[in-house]
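Below: the structure, in structure tokens.
The values are calculated or read from the model by the stated rules, or taken from the named source; none is laboratory data. A quick note: this is a predicted structure, and the numbers were derived from the prediction, not measured. Here the Cβ positions follow ideal geometry from the backbone for every residue, glycine too, while neighbour counts run over all protein chains shown. When the accessible area is computed, the model is the full protein with side chains, heavy atoms only, and any ligands, DNA or RNA have been set aside. Shrake-Rupley method; radii C 1.70, N 1.55, O 1.52, S 1.80 Å.
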Amino acid sequence: MPNGWAASDEHPLDNPVRSSLTGPHARFAERRGNVLRYPVDVSPFLALPDQPDAADWADAAALAGPGALVALAGVRVPAPDGWQVTLIGAGVQMVEVEVEAAADGEAVRLGAGDVPEMLELAGRTKPGPFLPRTVELGSYLGIRRGGALVAMAGERLHPPGWIEISAVCTDDAWRGLGFASRLVRALVAGIRARGETAFLHAVAGNPAIGLYEALGFRLRRSTVFSAARVPADHPVG
């Protein structure tokens with residue numbers, strides 16, 4: 001498996017948000033105690049320790065603020081009383097094993113100037129959280145038709161040695177033409193060129209899982225996505 005992974009090892013993908021914020025994405029990290037998060041205009045994810053205790057939940061509340069909603073990935077430990085937790089859904093974590101990676105001559109690199117179009121495309125297609133500064137997390141590629149952005153994909157979480165492919169989306173009018181596959185292959189090519197390995201997450205039951213399997217991604221583990229709201233009466237500070 002990639003990067004010498006074995007099922008029994010402690011692995012950076014077991015807590016990928018925390019691994020990212022304590023590793024290659026440390027420049028983004030906002031921290032209180034053992035709890036970290038991304039700036040709210042970059043990503044909604046907050047990272048807890050593997051086994052959070054009451055003090056960690058209190059630090060999470062203080063970091064996010066009263067009434068704030070935070071996204072959690074893979075957290076199965078029940079939240080304390082007063083927190084409102086919504087289960088978004090069971091999910092899967094997949095790693096790249098045998099993707100036929102290839103650069104794509106039509107794939108253009110997207111940057112800050114493209115953010116308005118990227119936000120509009122993500123708003124129409126709902127690939128998952130995409131915010132005004134998400135583009136800063138890594139490389140984003142797009143395909144244009146008639147000057148308009150009709151498909152994109154990019155890099156989000158970055159645990160050491162691994163890069164998550166995310167925001168894979170295509171405008172409804174341009175689906176079925178293989179744009180998503182081409183962009184994923186191009187991203188994998190770039191990730192491999194940096195000596196790292198691609199991975200991704202998907203909500204269980206998402207039809208895109210079949211596409212990812214066909215491309216050469218394989219299931220690593222199941223996971224869960226949830227959103228947690230800090231108690232509105234939690235003291236500030």
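Observations, loosely collected:
- Among the residues of the range 5-27, the one identified as in contact with a helix residue (DSSP H, G or I) (Cβ under 8 Å, 6 or more places away or on another chain) and without any contact (Cβ under 8 Å) to a residue 40 or more places away in the chain is Leu21.
- Some residue of the range 116-138 being surrounded by 23 or more Cβ atoms within 10 Å (Cβ to Cβ), β-branched (Val, Ile, Thr) and at negative phi: yes
- Selection status of Ile143, touching an Asp or Glu at 6+ places or on another chain (Cβ under 6 Å), outside any loop (DSSP other than H, G, I, E, B) and under 29 Å from Phe28 (Cα atoms): yes
- For the range 185-206, the set of residues classified as open to solvent by 50 Å² or more (accessible area, probe 1.4 Å) and either of a type outside the set (Lys, Arg) or under 12 Å from Glu155 (Cα atoms) (or both) consists of Ala193, Gly195, Val203, Ala204, Gly205, Asn206, listed by residue number.
- One residue stands out among those in the range 173-183 that are in a helix (DSSP H, G or I) and closer than 12 Å to Ile143 by Cβ: the one that is most open to solvent (accessible area, probe 1.4 Å), which is Trp174.
- Some residue of the range 33-40 being in a strand (DSSP E or B), of a type in the set (A, V, I, L, M, F, W, C) and either surrounded by fewer than 19 Cβ atoms within 10 Å (Cβ to Cβ) or modelled with pLDDT of 95 or more (or both): yes
- Summed over the range 98-115, residues that are under 28 Å from Gly210 (Cβ atoms) and surrounded by 14 or more Cβ atoms within 10 Å (Cβ to Cβ) total 7.
- Scanning the range 47-92 for residues that are assigned to a strand (DSSP E or B) and free of Cβ contacts under 8 Å to residues at least 60 places away in the same chain gives a single hit, Ala47.
- Selection within the range 53-77 - open to solvent by 20 Å² or more (accessible area, probe 1.4 Å) and out of contact with any strand residue (DSSP E or B) (no Cβ under 8 Å at 6 or more places or on another chain): Asp53, Ala54, Ala55, Ala58, Pro66, Val77
- Enumeration of residues in the range 207-222 that are open to solvent by 20 Å² or more (accessible area, probe 1.4 Å) and assigned to a strand (DSSP E or B): Arg218, Leu219, Arg220, Arg221, Ser222
- Ile165 being within 19 Å of Asn206 (Cα to Cα), open to solvent by 60 Å² or more (accessible area, probe 1.4 Å) and not in a loop (DSSP other than H, G, I, E, B): no
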